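Q: Got a structure for you, questions after.
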There are 2 protein chains.
Amino acid sequence: MAIDLANLFESLPEDISHEIFSELVRGDNIKIERIISHGHSSPASGWYDQTENEWVAVLKGEAKIAFDNGDEVHLTAGCHLTIPAHTKHKVTWTIPDTETIWLAVHYT
Amino acid sequence: MAIDLANLFESLPEDISHEIFSELVRGDNIKIERIISHGHSSPASGWYDQTENEWVAVLKGEAKIAFDNGDEVHLTAGCHLTIPAHTKHKVTWTIPDTETIWLAVHYT
């Protein structure tokens, strides 16, 4: 076995003019990815409407996620939630002063 | 949708005389759990020999994982790795002075 040890808080890209998605694991029914935002939010128009469930955590930074029923949550470091498939949502804000590091697990 | 927002770094148990496993997500092919150790290691005898793949990250604290081929890795906060099914391993050490908070994703 070759042990491939990496760090979620390191290898941050220098260019963060757009969000950076890094795939950590891909299996038959699962994808784990790290996402780095820096003041980004979802496009103003439209919602994420995903065919898979998503468990998402903020590991560093802060963010807000809005849902199409009007709810909005403010996530600080450590906050996590599950977004069931086809639950329309969008990221309305991430803290502008530092990176926000997300961990997302997509599963069927 | 009822939004169930929790925090990985909060709701730490007062009694950490043994490791604490908290299931965060259970799906058909996936389980996500938080594990809190405090100076614990695996039992001296035997290895974990799991039927599922495991992606594991240390979010806080430090730990060492040994493999039956003799390799050992030292994980600090943010370190993550994938342990394929039936890769025998054990936790040989976690830092004694503070909690080690793990995130584990088991998947087929």
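The values are calculated or read from the model by the stated rules, or taken from the named source; none is laboratory data. Keep in mind the model is a prediction, meaning the values are calculated, not measured. A quick note on method: Cβ atoms are made from the backbone with ideal geometry, for glycine too, and the neighbour counts reach across all protein chains shown. With ligands, DNA and RNA removed, areas are computed over all heavy atoms of the protein, side chains included. Shrake-Rupley method; radii C 1.70, N 1.55, O 1.52, S 1.80 Å.
Q: Of the residues that make up the stretch A:28-47, is at least one under 23 Å from B:ILE32 (Cβ atoms), away from chain B (no Cβ under 14 Å) and open to solvent by less than 30 Å² (accessible area, probe 1.4 Å)? Spell out how you get there, then give the answer.
A: Pass one, the stretch A:28-47, residues under 23 Å from B:ILE32 (Cβ atoms): A:28-37.
Filter once more, keeping what is away from chain B (no Cβ under 14 Å): A:35, A:37.
Adding the requirement that they be open to solvent by less than 30 Å² (accessible area, probe 1.4 Å) leaves A:35, A:37.
Yes.
Q: Determine which member of the set A:GLU72, A:GLU62, A:GLU52 is of a type outside the set (Val, Ile, Thr) and away from every other protein chain (no Cβ under 11 Å). Can you show your working first?
A: Details: A:GLU72 fails: away from every other protein chain (no Cβ under 11 Å); A:GLU52 fails: away from every other protein chain (no Cβ under 11 Å).
It is A:GLU62.
Q: Still on this structure, I have one more. If A:HIS40 satisfies all but one of (1) at pLDDT below 90; (2) more than 13 Å from the chain's Cα centre (by Cα), what's the number of the condition it fails?
A: (2)
Q: Filter the stretch A:1-11 for residues that are under 15 Å from the mean Cα position of the chain (by Cα) and open to solvent by 50 Å² or more (accessible area, probe 1.4 Å) and give the result. Spell out how you get there, then give the answer.
A: At the first step, the residues of the stretch A:1-11 found to be under 15 Å from the mean Cα position of the chain (by Cα) are A:8-9.
Within the stretch A:1-11, A:PHE9 is the sole residue that qualifies.
Q: Step by step: first the residues of the stretch B:54-83, then only those that are among the polar types (S, T, N, Q) and farther than 21 Å from B:VAL25 by Cβ, then the one that is most open to solvent (accessible area, probe 1.4 Å). Which residue is that?
A: Step one: of the stretch B:54-83, the residues among the polar types (S, T, N, Q) are B:69, B:76, B:82.
Among the residues that remain, those that are also farther than 21 Å from B:VAL25 by Cβ are: B:69, B:76.
Working: B:ASN69: 84, B:THR76: 54 Å².
Looking at the filtered set, the residue picked out is B:ASN69.
Q: Taking the conditions exactly as written (surrounded by fewer than 17 Cβ atoms within 10 Å (Cβ to Cβ), of a type outside the set (Lys, Arg) and facing chain A (nearest Cβ under 10 Å)), does B:ASP15 satisfy them or not?
A: no
Q: Follow-up question, since we're still on this one. Which count do you get for residues in the stretch B:1-21 that are without any contact (Cβ under 8 Å) to a residue 60 or more places away in the chain and in a loop (DSSP other than H, G, I, E, B)? It would help to see each step written out before you state the result.
A: Pass one, the stretch B:1-21, residues without any contact (Cβ under 8 Å) to a residue 60 or more places away in the chain: B:1-7, B:10-11, B:13-15, B:17-21.
Pick out the ones that are also in a loop (DSSP other than H, G, I, E, B) and you get B:1-5, B:10-11, B:13-15, B:17-19.
Residues meeting the conditions: 13.
Q: Only one residue in A:LEU24, A:LEU103 is assigned to a strand (DSSP E or B), closer than 20 Å to B:ALA77 by Cβ and open to solvent by 40 Å² or more (accessible area, probe 1.4 Å). Which one?
A: Working: A:LEU103 fails: open to solvent by 40 Å² or more (accessible area, probe 1.4 Å).
Only one candidate qualifies: A:LEU24.
Q: For residues that are assigned to a strand (DSSP E or B) and either in contact with a Phe, Trp or Tyr (Cβ under 8 Å, 6 or more places away or on another chain) or open to solvent by 60 Å² or more (accessible area, probe 1.4 Å) (or both), scanning just the stretch A:84-97, find the one that is nearest to the other protein chains (Cβ to nearest Cβ). Before you say what the answer is, go through the steps one by one.
A: Step one: filter the stretch A:84-97 for residues assigned to a strand (DSSP E or B), giving A:89-94.
So of that shortlist, the ones also either in contact with a Phe, Trp or Tyr (Cβ under 8 Å, 6 or more places away or on another chain) or open to solvent by 60 Å² or more (accessible area, probe 1.4 Å) (or both) come out as A:89-90, A:93.
On the way: A:HIS89: 9, A:LYS90: 14, A:TRP93: 16 Å.
Selected residue: A:HIS89.
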